[in-house]
Amino acid sequence: MGRLTAIVLGAAGGGGYPQWNCRCAVCRLAWAGDRRAKPRTQASLGVSADGENWILLNATPDLRAQLMATPALQPRTALRGSPIAAVVLTGAEVDQIGGLLALRERQALTVFATADTIAVLDANPIFGVLAADVVERKVVACDEVFSLPGGVIAELFAVPGKIALYLEDQNPPLAAETGANVGVEIVCGSRRLAYVPGAAAVTAALRERLARADVVLFDATLFADDEMITTGTGDKTGRRMGHMPLDGQDGTLAALGSLPGRRILTHINNTNPILIEGSTERRKVEAAGFEVAEDGMEIVL
Ligand code: MLT
Ligand code: MN
Ligand code: ZN
């Protein structure tokens, strides 16, 4: 059995870093090319156990740039072909499914997701560009073990969260545990990786699952719950967006601080000061034992 390799294709939240229309204090540094503030594309992870078959965890609108930056995902031998054998989706947000459109051209692959997420694809004819005779959509239930190409097995698990922003009505439940927002557990021999790019809360069951992983990549959308409001960039709290903050009593640092495995923060919103190397907030998460993901980061288990 090969070693499990994961490549952070993107580590930013929806919109990327810097965000195309933003000059908040954190984005300004990136626009200015400040070396403390590395740009990041939208959150996605590539994983492989054999180095031949790669699985994408989410397909973001930045997928093409991510492929250009990642030789492992580029076509190799055949005239037409791709090492990308499957895509696993954790929800139907734009930053989770938008990149599927970049995978047209009649390339065989399998899309794995919950019934909730597959239903969103099925309801939108634009995803028909992934021709049904070559791209299979496989519904997977939460907590059901399934096999992925290249010798890995996986499970999806419900994570408190909400439906996609563009599907919301006035008062969407913000921390529902449904198939609309899930995490992925990847298992290769005795090695386990958990990928949770969006979480509104950490329940006891979720914590237990994360505690058995060698490495956890977890939602780090905002540092402070009211960050969008205090920076004047928006009127929603993180919790209203279905994302728990890093800081504070019920934040991620407190909830996952004592996990035994490696903890890597991803899906980082452009306003989050942990994006700036050396910032007070960055030092705080590092002191708590968390790493901050960046594009191209490689994790070998
Ligand atoms: C989120 O994680 O809340 C989404 O990325 C929102 C969005 O796509 O705008
Ligand atoms: Mn997102
Ligand atoms: Zn910004």
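The values are calculated or read from the model by the stated rules, or taken from the named source; none is laboratory data. Computed from a predicted model, the values in this text were never measured in an experiment. Neighbour counts are summed over all protein chains in view; Cβ atoms, including those assigned to glycine, are modelled from backbone coordinates with ideal geometry. Side chains are part of the model used for accessible areas, which takes the heavy atoms of the whole protein and leaves out ligands, DNA and RNA. Shrake-Rupley method; radii C 1.70, N 1.55, O 1.52, S 1.80 Å.
Are any residues in region 61-82 closer than 27 Å to Q19 by Cβ and either in contact (Cβ under 8 Å) with a residue 12 or more places away in the chain or open to solvent by less than 90 Å² (accessible area, probe 1.4 Å) (or both), and if so, which ones?
Pass one, region 61-82, residues closer than 27 Å to Q19 by Cβ: 61-70, 73.
Passing the criteria: P61, D62, L63, R64, A65, Q66, L67, A69, T70, L73.
The residues of region 139-166 include none that are over 19 Å from the mean Cα position of the chain (by Cα) and closer than 16 Å to G198 by Cα. Among the residues making up region 140-193, those that are among the small types (G, A, S) and either assigned to a strand (DSSP E or B) or open to solvent by 70 Å² or more (accessible area, probe 1.4 Å) (or both) are S147, A154, A158, G161, A176, G183, S190.
Do we find that A30 is crowded, with 16+ Cβ neighbours inside 10 Å and outside any loop (DSSP other than H, G, I, E, B) in this structure? Yes. Sort out which residues of region 62-100 are away from ligand 1 (no atom under 16 Å from the Cβ), of a type in the set (G, A, S), part of a loop (DSSP other than H, G, I, E, B) and touching a strand residue (DSSP E or B) at 6+ places or on another chain (Cβ under 9 Å), and write them in order of number. Those that are away from ligand 1 (no atom under 16 Å from the Cβ), of a type in the set (G, A, S), part of a loop (DSSP other than H, G, I, E, B) and touching a strand residue (DSSP E or B) at 6+ places or on another chain (Cβ under 9 Å): A69, S82. The set of residues in region 216-230 that are closer than 16 Å to C22 by Cα, crowded, with 19+ Cβ neighbours inside 10 Å and more than 13 Å from ligand 2 (Cβ to nearest atom) comprises E227, M228.
Inside region 194-215, can you point out the residues that are open to solvent by 10 Å² or more (accessible area, probe 1.4 Å), outside any helix (DSSP H, G or I) and closer than 14 Å to E155 by Cβ? Matches in region 194-215: R212 only.
Quick one: would you say A6 is more than 16 Å from the chain's Cα centre (by Cα) and outside any loop (DSSP other than H, G, I, E, B)? No; evaluated as a whole, the condition is false for this residue.
Looking only at region 101-122, count every residue that is in a helix (DSSP H, G or I), under 24 Å from E144 (Cα atoms) and among the hydrophobic types (A, V, I, L, M, F, W, C) and tell me the total. Walk me through it before giving the result.
Filtering region 101-122 for residues in a helix (DSSP H, G or I) gives 101-103, 115-122.
From what's left, under 24 Å from E144 (Cα atoms): 115-122.
Remaining after also requiring among the hydrophobic types (A, V, I, L, M, F, W, C): 115, 118-121.
Number satisfying all stated conditions: 5.
For region 187-225, how many residues are of a type in the set (A, V, I, L, M), free of Cβ contacts under 8 Å to residues at least 60 places away in the same chain and touching a Ser or Thr at 6+ places or on another chain (Cβ under 6 Å)? So the answer is 0. For G15, the stated conditions hold: it is under 17 Å from the mean Cα position of the chain (by Cα), part of a loop (DSSP other than H, G, I, E, B) and of a type in the set (G, A, S).
Scanning region 231-256 for residues that are within 16 Å of ligand 2 (Cβ to nearest atom) and either assigned to a loop (DSSP other than H, G, I, E, B) or more than 15 Å from P197 (Cα to Cα) (or both) yields T233, G234, K236, T237, G238, R240, G242, H243, M244, P245, L246. Pairing each residue of region 107-129 that is open to solvent by 70 Å² or more (accessible area, probe 1.4 Å) with any residue that is in a strand (DSSP E or B), provided the two are 6+ apart or on different chains, yields C-beta distances under 9 Å for D116/V182; D122/R137.
Going by what's in this entry, would E298 be described as modelled with pLDDT of 95 or more and under 18 Å from the mean Cα position of the chain (by Cα)? In short, yes.
Within region 23-38, is even one residue more than 15 Å from ligand 2 (Cβ to nearest atom), more than 22 Å from K162 (Cα to Cα) and of a type in the set (D, E)?
Taking region 23-38 first, the residues more than 15 Å from ligand 2 (Cβ to nearest atom) are 23-38.
From what is left, the residues that are more than 22 Å from K162 (Cα to Cα) are 23-38.
Narrowing the set further to residues that are of a type in the set (D, E) leaves 34.
Looking through region 23-38, at least one residue is more than 15 Å from ligand 2 (Cβ to nearest atom), more than 22 Å from K162 (Cα to Cα) and of a type in the set (D, E).
Of all residues in region 257-301, those being part of a helix (DSSP H, G or I), without any contact (Cβ under 8 Å) to a residue 12 or more places away in the chain and open to solvent by 60 Å² or more (accessible area, probe 1.4 Å) number 4.
Checked against (1) within 15 Å of ligand 2 (Cβ to nearest atom); (2) over 30 Å from R283 (Cα atoms); (3) surrounded by fewer than 24 Cβ atoms within 10 Å (Cβ to Cβ), Q19 meets all criteria but (2). When I55 is tested against (1) open to solvent by 60 Å² or more (accessible area, probe 1.4 Å); (2) assigned to a strand (DSSP E or B), exactly one condition is not met: (1).
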